[in-house]
Structures are given as structure tokens and as C-alpha cells.
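Asker: Mind having a look at this structure? Questions to follow.
We did not get these values from a lab; they are worked out from the coordinates using the rules stated. All of these numbers come straight from a predicted model, not from anything done at the bench. Neighbour counts run over all protein chains shown; Cβ positions are idealised from the backbone, glycine included.
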Amino acid sequence: MSDAIVNARRGLNRALAPATAALQSLGDRPELRIGLLALVLIAVFLYPFAESSNQRLDAAVEAEVFILLALGLNIVVGYAGLLDLGYAAFFAIGAYSFAFLGSAHFTITGHSFSSPIFSFGPNGLHVDFFLMIPIAALAAATFGVLFGAPTLRLRGDYLAIVTLGFGEIVPKVIQNLGPGNSLGLPDITGGVNSIPGIDSPPDINFLGVHWTFGGNDSHPWYYLGALIVIASVIIIMSLRNSRLGRAWAAIREDEVAAAHMGINITRTRLLAFGLGAAFSGFGGLLEASRLHGVDYSQFGFNISITILVMVILGGLGSIPGVIVGAALLSYLNLLWLADVSGWVNSFGGLLQGGPGPIGSVGSWLHQVNLSNASQLIFGVILVSIMLLRPQGIWPSRTRAREMQPQTAEILAEENEELYTAREG
């Protein structure tokens, strides 16, 4: 079985060799990078014009939210090498920050104030959406630092368990700080009830284009999410190429050596946790405003694992890889898995009129129902990709070198070591 996997992996790598060589050449030729980036931006801009289904466009907006989350987790896992299994907690903090400051949840009686960017009174607290972007990011980053300060001295599996606990605690705290809580406190989070009526961004008029966010049209949300993603990518690229980014890379490769080089390990890891959480705050803000409501059940453990899978599947430490991984998994979960039965039935219909066994197989495929097997199919896809492409769909150059031997001699030496370990 292992030989079959190795042979399949080699075949896939040979098939992808031209594409891999082209991607690697982008690092040596800036004009190619600029051209590819321009094509991607044009495709992102034109996609809503080519997409007639509002459902698929809404899935694209959801994918943008997960891209933001994956980009933030990539700072923690891909750059700093820290395993975080509770990242959805910061997603919740960003969403509830806007729920508190952009809805009628907290009312103030007897006093009122109103301005274009901030108002309060009997109708609640209302902070402008765009002013809330740095506020939500700061709130999530603050909790990231507060959480990381006592825990980041842990290593490996111990850190993973602690982050898992934090990710489980935050939704439970939100659930238990609602009305009639056991602490005798007033209703803070809404508890098991959602917080409805969260504000939308103000209408935007730009170059003759009018964006209205209050209706059911997903086009304004798509472009707003795209702008936030592009801004986040620019910020993260600057961080990666900065002195702080190089310190993250040093810690990821060898923490002891990094400490001897004078890098403050605790402070650098805290910055990774805080900045990674900030981008999760962006995603929570966008999601809460788009859905016009927030509920604690939206931020369970499965969300943390899904975001981690997006980062690993796309390629640790690779910004384009993380974007591709997040987009693919979002569409897979939101659209493609739901359409599997239809595709299989249609294919069976084509074969149904065939001779002998082909027609029998076609009749069976035409009637098969895979609606309850979506998670099984999803798991098979993930396992297959990780077996055949362990470095990720679009890995960083460093990750690709680590996972792929540079010469035939190195490959033969690794195979000999594996054979020796297997045979004892």
C-alpha cells in the first residue's frame, strides 16, 4: 500500500512539474508576479458579472470570510510554527464586538447622542461599520495577547491542548452570560438566544456606483469582502518581509537557536498570536454584519479545525496557497458536496442506455443518493490530497524544499532510510 502511495505521489508530482516550475519561476521574475496578480485581480473584479446565481455569489462572500480567518491562522501556524486549535474563539470575539456596538442589544435610557459615526440611546449602541474594523481587530488581538501571555511558554502538544480548551471556553462563556445567568449578572451576550439586528455598513457611492448593504443583493458584500482581503494580504506580506516576520521564521525553524541570536521568544510569539487574532476579528465583523445576527453556536470546534485544514491543505506559510485552500474548501462545503448526487445521477443517466453492464451501472448511478455521505466524501478528498500532496496545493518555497528532495541522490538516500526503518 505504501509503495502504491509513493508511486501515485511521484506520478502526481510529474504531472504537476510544469505548473510547479512555473510557480517557482515567479519568485525569480517580478514581471511574471505582477502579471499574474493583475490577472487575478481582474478575475476577482469580473466574477460577479459572470455569476448569475446569488446563492453562488453568497458562497463567494462566505469564502472571503474564511480566507480572512485562514490568513490570520497562517501567521500563527505557518509563520511562527504554533499549533492553535481554538482559533474560532477570536472569530467569535470579533463578531460579538460588533454585536455589542452595532445593535440594539445594549440600550441607554434617559440619554441619547447621535452622529454619523457613533450614536447611543434607547435604540442601542451604534458604531459605524468602518470605524468598527480597527476596534474589532483590536478586541480580538487583545484577547489573543491576554490568552497567550500565560500559555505560550508551553510547547507542541501541550500548547495545542490549551488552545483547544480556550476555543471551547469562549462559546460556553457566551452561552452562560445571557439572561438569568447563574452569576446574577445582567444579560451580556444574549446567551442561547442570538443577537439580531446587527447594523450593515452605510451605503457607498463611488465613481457612480451605488452600494446598498441592507438588501438581499450579495454584490456589495462581495466587493467589500474582496477589498478587506486585499488589504489584509498587503499587511501580512509586509509583516512577513519585516524583521518580525524573519523572527517568526527563526522561531519556527529552531527556537533554541533563535533565542541565542537575541530574539525575545515570548514577545515574538505573543505578537504572532495577537496579530493572527486581529485578522480573525476582521472576519467576525464581516460575518456578523452580513448575517445581521450572531449566535454562539456559529463558533464551535469544527470551525477551528476547518480553518486549520484550509491552511495546511493550501500550504503552510504560503499566502496564495492559503487563499486557494480556503476558497476550495469553502466551495466544497457550501456548494459542491451538495451537488454530488446530482452530478452522479446525471452521469448515470448518460450511461443508462448503454449495453449490458454499462447500462446496469448507469441505472444504479442514476438512482444513487449521496446526500448523507457528504462528510465521508469530504474526508476521502482530504486524506487523498494529504497523501499525494503533503506539502499543500501551493506551498511556500521553503516548505516545498523541505517536503521535496532537490536531487535524485537525496531521494534515494531518504528511500533507503525509510526502507531500513520499515524492515528493521
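Asker: Non-local amide H neighbours of residue 125 (under 5 Å, H modeled in plane, Pro and chain starts lacking H): which ones?
Answerer: Placed amide hydrogens put 103, 105, 106 under 5 Å from residue 125.
Asker: Please list 3J(HN,Hα) in residue order for segment 225-232, calculated via the Karplus relation 6.51 cos²θ - 1.76 cosθ + 1.60 where θ = phi - 60°; whole Hz, with x for glycine and proline.
Answerer: Working through the residues one at a time gives x, 4, 5, 5, 5, 4, 4, 5 Hz.
Asker: Just to be sure I understand: if I project the alpha-carbon convex hull of segment 55-315 onto a plane and average over all orientations, what area do I get in nm²?
Answerer: Values: hull surface 62.9 nm².
The number I arrive at for segment 55-315 is 15.7 nm².
Asker: For residue 89, what is the net charge nearby, where nearby means another residue's Cβ is under 13 Å from its Cβ and Lys, Arg count +1, Asp, Glu -1? Display every interim value, and only then the final one.
Answerer: Numbers: positive: 172; negative: 84, 168.
Once positives and negatives cancel, what remains is -1.
Asker: Let me ask something else. Read phi for every residue in segment 180-192 and hand back ³J(HN,Hα) as whole Hz from Karplus 6.51 cos²θ - 1.76 cosθ + 1.60, θ = phi - 60°, with x for Gly and Pro.
Answerer: x, 6, 6, 8, x, 8, x, 5, 9, 10, x, x, 6
Asker: Excluding residue 335 itself, calculate the net charge of residues whose Cβ lies under 14 Å from the Cβ of residue 335, where each Lys or Arg counts +1 and each Asp or Glu counts -1. List each step's numbers first, then the result.
Answerer: Numbers: positive: 56; negative: 51, 58, 62, 339.
Once all neighbours under 14 Å are counted, the net charge is -3.
Asker: Oh, and also: Identify, among 226, 177, 249, the residue whose Cα sits farthest towards the positive end of the charge dipole of segment 55-315, taking +1 on the Cβ of Lys and Arg and -1 on the Cβ of Asp and Glu, with the dipole about the Cα centre.
Answerer: Going by the Cα projections, it comes out as 249.
Asker: Sticking with this one: Using +1 at the C-beta of Lys and Arg and -1 at the C-beta of Asp and Glu, which of 188, 105, 149 has the Cα lying farthest in the positive direction of the dipole of segment 90-233?
Answerer: Of the listed residues, the answer is 149.
Asker: Using the crude model of +1 on Lys and Arg Cβ and -1 on Asp and Glu Cβ, and no other charge, please compute the dipole size for segment 55-315 relative to its Cα centre, in debye to 20.
Answerer: On the way: 11 positive and 16 negative charges, 155 e Å.
With Lys and Arg at +1 and Asp and Glu at -1, about 740 debye.
Asker: Let me ask something else. List the residues, sorted by chain then number, that are 5 or more residues from residue 293 or on another chain and whose placed amide H is less than 5 Å from its amide H.
Answerer: The list, which skips near neighbours in sequence, is 198.
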